[in-house]
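I have placed the structure first, in the form of structure tokens, so that the comments after it can refer back to it.
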Amino acid sequence: MNEALHSRFSPSSMPAALLEQTLVQRHDLAQRLVELFVESAEGQSKHHVLLVGPRGIGKSHLAALVYHRLMASGGTASKLAIAWLDEDEWGVASFLDLLVKIMRALGLNTKDLLGAAGPAVEKRAEQMLSEGLGAKTLLLIIENLDTVLRNLGETGQKKLRALIQNSRKWSILATATALSEDIQRQASPFYGFFEIQNLQGLNDEDGITMLHRLAIAQGKTGLAQFLTTPGGRARVRALQHLALGNHRVLIVFYDFLDEDTRGDLLTLLCKTIDALTPYYQSQMKELSPQQRKLVDFLCRHRVPATVKTIASQSFVSQQTAASQLKQLLEARYVRVERHGRESYYELSEPLLRICVEAKSHGGEPLPLLVELLRYWFSRKELEARLRETHTGWDSDYFRAALHKYEEGDGHTHLSLLVRESCAKLRKTVAKGDAVAERGAAEELAEIAERDEDWVHYANALICLGDPARAVTRIEDASRDQPSDTATHWALAKAFLACKRQDALAAIDRALELNPKEDAFWGEKGTVLEELRRYEEALTAFLEARRLDPLYSGYPAGAARMMFHLRRPRDAAKLLRGLVRRGFKTFEILANLGASLLASGEERKALPVLKEASRLFPREAWGWVKLAQCELSLGDRKAAARTVNRALSLQTNDPDALRLIGAVLFALNREDEAAEILPTEAVAHGVFHDLVELTGQSLRTDELKNRLAALRVRVSGPAWAAAFRGGVWEYLGEVAAGDRPSSAGALAALRDVLGKSGAAEPELADVRRFADVMARYKATGDAKILLELPLEQRNLLVRTEGSSGEGAAPSRTEPKPRPKR
């Protein structure tokens, strides 16, 4: 397809099909506008709409699309006369000029007006326009309405308003960069006349969609495919950071995404700037000298500035600066952020800044181009480019971009991209959309690696299930930057996800370099929790909390450790304090309910667990914990409904599945559990029954009978495997000292296993272990333990997974990374 199809400045020259293909974000508004003007053509009501937004935001695109849709509607087109004026109507200086422009746009002959003058010619023009329209409704499409109204003056505006009102044949679709006084001032003729539609910029997803559709429309299949990859999407997000949602700026940079152009990116950028400079110079000429001075300052200052700073640096009074900035704001040259009494101004158009810089940078690399290169290439890519171009003008740019990696403030902009991508990932996780979650994680990994933000890079690859790749990359970075604390923090995260013991050494290294960083203490608590060193983990979480008392994740982590340490009342006290402060994450509410339940306060636990399930309905752990609470209160029907809700979520969370198995067992649904749950979850149900049976004061023969009945409660190999697993879990906890059991109970279990051993040789090892434990429990003779092989003796120090009765899996939001 022809490259001119995607016009940067004149969408009116684009074919209707391409306008439709590249429409994003505004489908509903476009349809509504068409419906309004169809109603104008077919009925008595006449509509007047003003589209307001900064230059390049897509106003002309939308107006052009509405025009083509109306023209394609045969019935409506026959009742509508559309006068679509040029985007820049330089010749409109009076009411008569406007009438003549409209007539010519409609194809009407205006020769009869030549040579005439005075009020009579205006009346004749009105008459000729009315005759030309006949029974049709006029739809006037007029851009830059603010400029036209200013040229008409108040007298011309009054005449136009009177003509529209008296003829009752006009509808208007207009655009403007801002609401001028001719629209806002109550005494003006057109005050309250238009329905105003403020157009917003593109978000990241809309920007990616627009460029993807444009590539498809132009037949650039390679580029279209690239834009679906994490790398392509990350590049567009980087461009969006410069474009600030502006359609035109994004289209300008679109060409640089093509594989054929990416090799010579810098040359193309400079050529583009040269081509755009005359346009932006003309925009600057429209400003007053004072306004040009302020714009020039903001171009050089590059970050938002207060009125006081702008005034002093521009050598004008604060009153003058405030007045001129107000006008620039209305004209959308600048944007403002207000914080308390202070207002911070910055340029709203990056391309205006870059064109001004191009004329005044004195041979130095343009800062905005350096930023773009920094967004575009990773450190290694920039180093490779620099090796290829030892000398020359472009080497200065690559060197300046590479220097951004070394500066403390060189990550500022890209960290915003990382935060935006991280926020997107959190949203997809919350929605439970696995496909979207994977795509968001891939994009975050791409952007974070480019930004050398290793913490977010590790988080992204952990989410993708590939922490080993993160380890390889971050280990390289840690060798290059051995004193960078955040790199060691990220390495600890990646090691932890890979179940590597050296996670503790990595986070300890970060703490050696900065012992006052609370996030590092929090990470150490998480590592120690994984190692089941709960006392030490509790100490780490409490230290993190001391350093940052406001972050809820630390007391939540400390409460988890208290729960593991059989201190549920202490955990409940800590978590209650968080709830009173307004923190109601899933982890906090679920663990508060679990702590109250473990403390024997079921009635207090019930409303807390109900709230957790209501606020976080996709969390199976919360539902099944609620079911346990309902069982404790004797409401079996409610527990059955609640556990069914947990089952409907089809969770893969092993902790939740173990709890579901225990609840199904308590409801006498063992056969269902054996059929639908993983063996490990069913084994945990068996474990619970063993704990209950051996904890009762039963006669030896009765205990044996009930243990034997448990063994054959459900038929089939799945149940047999689960029974073995449950016995091993029980014996492991007894051996580690986490579960009390009498020698008689162990002997009874040994005897039951012995009776089944002939038919099930797989039980031989379990029976031998039970026999040794029973004799050791009865005599205390440690030599008996030597009858076990080493791997079974290692069970005496429990290293297997938790019993599932611990705290809820952590769902606390991660803290932002510390400053470098």
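Taking the stretch 33-50 as the range and being out of contact with any His (no Cβ under 9 Å at 6 or more places or on another chain) and crowded, with 16+ Cβ neighbours inside 10 Å as the test, the residues that pass are Val34, Val38, Ala41, Lys46, His47, His48, Val49, Leu50. In the set (1) over 25 Å from Arg235 (Cβ atoms); (2) open to solvent by 20 Å² or more (accessible area, probe 1.4 Å), the condition left unmet by Asp480 is number (1). In the set (1) in contact with a helix residue (DSSP H, G or I) (Cβ under 7 Å, 6 or more places away or on another chain); (2) assigned to a helix (DSSP H, G or I); (3) in contact (Cβ under 8 Å) with a residue 40 or more places away in the chain, the condition left unmet by Thr320 is number (3). For first residues located in the stretch 90-105 and closer than 9 Å to Lys159 by Cβ, partners that are open to solvent by 40 Å² or more (accessible area, probe 1.4 Å) and lie 6+ apart or on another chain with Cβ distances below 6 Å form the pairs Phe95/Lys159.
Given the structure, is Pro717 under 30 Å from Val429 (Cα atoms) and open to solvent by 60 Å² or more (accessible area, probe 1.4 Å)? Lay out the reasoning, then the answer.
Details: under 30 Å from Val429 (Cα atoms): no; open to solvent by 60 Å² or more (accessible area, probe 1.4 Å): yes.
Taking the combined requirement at face value, the residue does not satisfy it.
Per-residue answers, yes or no, for (1) buried (at least 18 other Cβ atoms within 10 Å of the Cβ); (2) at pLDDT 80 or above; (3) β-branched (Val, Ile, Thr):
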{"residue": "Leu227", "(1), (2), (3)": "yes, yes, no"}
{"residue": "Gln240", "(1), (2), (3)": "yes, no, no"}
{"residue": "Phe253", "(1), (2), (3)": "yes, no, no"}
{"residue": "Arg262", "(1), (2), (3)": "no, no, no"}
{"residue": "Leu276", "(1), (2), (3)": "yes, no, no"}
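Report yes if Arg567 is over 26 Å from Arg426 (Cβ atoms), modelled with pLDDT under 90 and open to solvent by 50 Å² or more (accessible area, probe 1.4 Å), otherwise no. Criteria not met by Arg567. Kindly establish whether Gly222 is surrounded by fewer than 18 Cβ atoms within 10 Å (Cβ to Cβ) and in a helix (DSSP H, G or I). Yes.
Please find, within the stretch 532-559, the residue that is most open to solvent (accessible area, probe 1.4 Å) out of those that are under 21 Å from Gln501 (Cβ atoms) and in contact with a helix residue (DSSP H, G or I) (Cβ under 7 Å, 6 or more places away or on another chain). I'd like the intermediate steps shown before the answer.
Looking only at the stretch 532-559, we keep the residues that are under 21 Å from Gln501 (Cβ atoms), and these are 532-541, 557.
Among the residues that remain, those that are also in contact with a helix residue (DSSP H, G or I) (Cβ under 7 Å, 6 or more places away or on another chain) are: 534, 536-538, 540-541, 557.
On the way: Tyr534: 36, Glu536: 87, Ala537: 0, Leu538: 11, Ala540: 4, Phe541: 7, Gly557: 0 Å².
The extreme case among them is Glu536.
Residues in the stretch 604-616 include at least one that is more than 32 Å from the chain's Cα centre (by Cα), at pLDDT 90 or above and charged (D, E, K, R).
Does the stretch 210-219 contain at least one residue that is part of a loop (DSSP other than H, G, I, E, B), open to solvent by less than 50 Å² (accessible area, probe 1.4 Å) and either in contact with a Phe, Trp or Tyr (Cβ under 7 Å, 6 or more places away or on another chain) or at negative phi (or both)? Yes - at least one qualifying residue is present in the stretch 210-219. Of the residues Thr267, Thr306, the single one that is of a type in the set (Ser, Thr, Tyr), modelled with pLDDT of 80 or more, farther than 30 Å from Arg438 by Cα and surrounded by fewer than 17 Cβ atoms within 10 Å (Cβ to Cβ) is Thr306.
Please find, among Val691, Val643, Val663, Val714, the residue that is more than 18 Å from Leu597 (Cβ to Cβ) and not basic (Lys, Arg).
Numbers: Val691 fails: more than 18 Å from Leu597 (Cβ to Cβ); Val643 fails: more than 18 Å from Leu597 (Cβ to Cβ); Val663 fails: more than 18 Å from Leu597 (Cβ to Cβ).
Selected residue: Val714, the only one of Val691, Val643, Val663, Val714 that is more than 18 Å from Leu597 (Cβ to Cβ) and not basic (Lys, Arg).
Name the one entry in Glu195, Glu205 that is among the acidic types (Asp, Glu), open to solvent by 40 Å² or more (accessible area, probe 1.4 Å) and modelled with pLDDT of 85 or more.
Values: Glu205 fails: modelled with pLDDT of 85 or more.
Answer to the check: Glu195.
Only one of the numbered conditions (1) assigned to a helix (DSSP H, G or I); (2) of a type outside the set (A, V, I, L, M, F, W, C); (3) surrounded by 13 or more Cβ atoms within 10 Å (Cβ to Cβ) is violated by Arg332, and that is (1).
Quick one: in the stretch 570-613, which of the residues that are of a type outside the set (Asp, Glu) and assigned to a loop (DSSP other than H, G, I, E, B) is surrounded by the fewest Cβ atoms within 10 Å (Cβ to Cβ)?
Gly582
Filtered by the rule that a residue be under 28 Å from Gly43 (Cβ atoms), loosely packed, with under 13 Cβ neighbours inside 10 Å and not hydrophobic (A, V, I, L, M, F, W, C), the stretch 103-157 gives Gly107, Gln127, Glu131, Gly134.
What number of residues within the stretch 483-493 are touching a Lys or Arg at 6+ places or on another chain (Cβ under 9 Å) and either in a helix (DSSP H, G or I) or without any contact (Cβ under 8 Å) to a residue 40 or more places away in the chain (or both)? So that I can check it myself, show each step before the final result.
Filtering the stretch 483-493 down to residues touching a Lys or Arg at 6+ places or on another chain (Cβ under 9 Å) leaves 484-486, 488-492.
If we keep only those that are either in a helix (DSSP H, G or I) or without any contact (Cβ under 8 Å) to a residue 40 or more places away in the chain (or both) as well, we get 485-486, 488-492.
Residues in the stretch 483-493 being touching a Lys or Arg at 6+ places or on another chain (Cβ under 9 Å) and either in a helix (DSSP H, G or I) or without any contact (Cβ under 8 Å) to a residue 40 or more places away in the chain (or both): 7 in total.
Considering every residue within the stretch 660-673, establish whether at least one is among the β-branched types (Val, Ile, Thr) and part of a helix (DSSP H, G or I). Lay out the reasoning, then the answer.
Going residue by residue through the stretch 660-673, those that are among the β-branched types (Val, Ile, Thr) are 660, 663.
Of the ones still in play, those that are also part of a helix (DSSP H, G or I) are 660, 663.
Within the stretch 660-673, one or more residues are among the β-branched types (Val, Ile, Thr) and part of a helix (DSSP H, G or I).
Only residues that are among the hydroxyl-bearing types (Ser, Thr, Tyr) and part of a helix (DSSP H, G or I) were counted in the stretch 127-171, giving 4. Taking helices (runs of 4 or more DSSP H) as the structural unit, those lying wholly within the stretch 1-116 and holding at least 1 residues that are modelled with pLDDT of 80 or more and touching a Gly at 6+ places or on another chain (Cβ under 6 Å) correspond to 59-72, 95-105. Scanning the stretch 457-473 for residues that are under 18 Å from Lys524 (Cα atoms) and buried (at least 24 other Cβ atoms within 10 Å of the Cβ) yields Ala458, Asn459.
Looking at Ala384, is it farther than 20 Å from Arg55 by Cβ, modelled with pLDDT of 85 or more and either open to solvent by 20 Å² or more (accessible area, probe 1.4 Å) or hydrophobic (A, V, I, L, M, F, W, C) (or both)?
On the way: farther than 20 Å from Arg55 by Cβ: yes; modelled with pLDDT of 85 or more: no; either open to solvent by 20 Å² or more (accessible area, probe 1.4 Å) or hydrophobic (A, V, I, L, M, F, W, C) (or both): yes.
Against the criterion (farther than 20 Å from Arg55 by Cβ, modelled with pLDDT of 85 or more and either open to solvent by 20 Å² or more (accessible area, probe 1.4 Å) or hydrophobic (A, V, I, L, M, F, W, C) (or both)), Ala384 does not qualify.
Can you tell me which residues in the stretch 209-223 are modelled with pLDDT under 85 and under 23 Å from Leu29 (Cα atoms)? Correct list: Ala217 only.
Answer with yes or no whether Arg161 is of a type in the set (D, E, K, R), within 30 Å of Lys326 (Cα to Cα) and open to solvent by 30 Å² or more (accessible area, probe 1.4 Å).
Values: of a type in the set (D, E, K, R): yes; within 30 Å of Lys326 (Cα to Cα): yes; open to solvent by 30 Å² or more (accessible area, probe 1.4 Å): yes.
Spelling it out, Arg161 is indeed of a type in the set (D, E, K, R), within 30 Å of Lys326 (Cα to Cα) and open to solvent by 30 Å² or more (accessible area, probe 1.4 Å).
Listed residues Ala722, Ala745; which is under 24 Å from Glu672 (Cβ atoms), part of a helix (DSSP H, G or I) and under 56 Å from the mean Cα position of the chain (by Cα)? Give the steps one after another, and end with the answer.
Values: Ala745 fails: under 24 Å from Glu672 (Cβ atoms).
From the options Ala722, Ala745, the qualifying one is Ala722.
The residue that is most open to solvent (accessible area, probe 1.4 Å), counting only those in the stretch 658-701 that are modelled with pLDDT of 85 or more and charged (D, E, K, R), is Glu675.
The single condition among (1) closer than 27 Å to Glu154 by Cα; (2) part of a helix (DSSP H, G or I); (3) not hydrophobic (A, V, I, L, M, F, W, C) that Glu205 does not meet is (1). Screening Arg338 against (1) at pLDDT 75 or above; (2) open to solvent by less than 70 Å² (accessible area, probe 1.4 Å); (3) farther than 20 Å from Val249 by Cβ; (4) not in a helix (DSSP H, G or I) leaves a single unmet condition, (2).
The values are calculated or read from the model by the stated rules, or taken from the named source; none is laboratory data. Quick caveat: nothing in here was measured; it's all calculated off a predicted structure. Cβ coordinates were reconstructed from backbone atoms using ideal geometry, including for glycine residues, and neighbour counts include every protein chain displayed. Note: accessible area is taken over every heavy atom of the protein model, side chains too, but ligands, DNA and RNA are not part of it. Shrake-Rupley method; radii C 1.70, N 1.55, O 1.52, S 1.80 Å.
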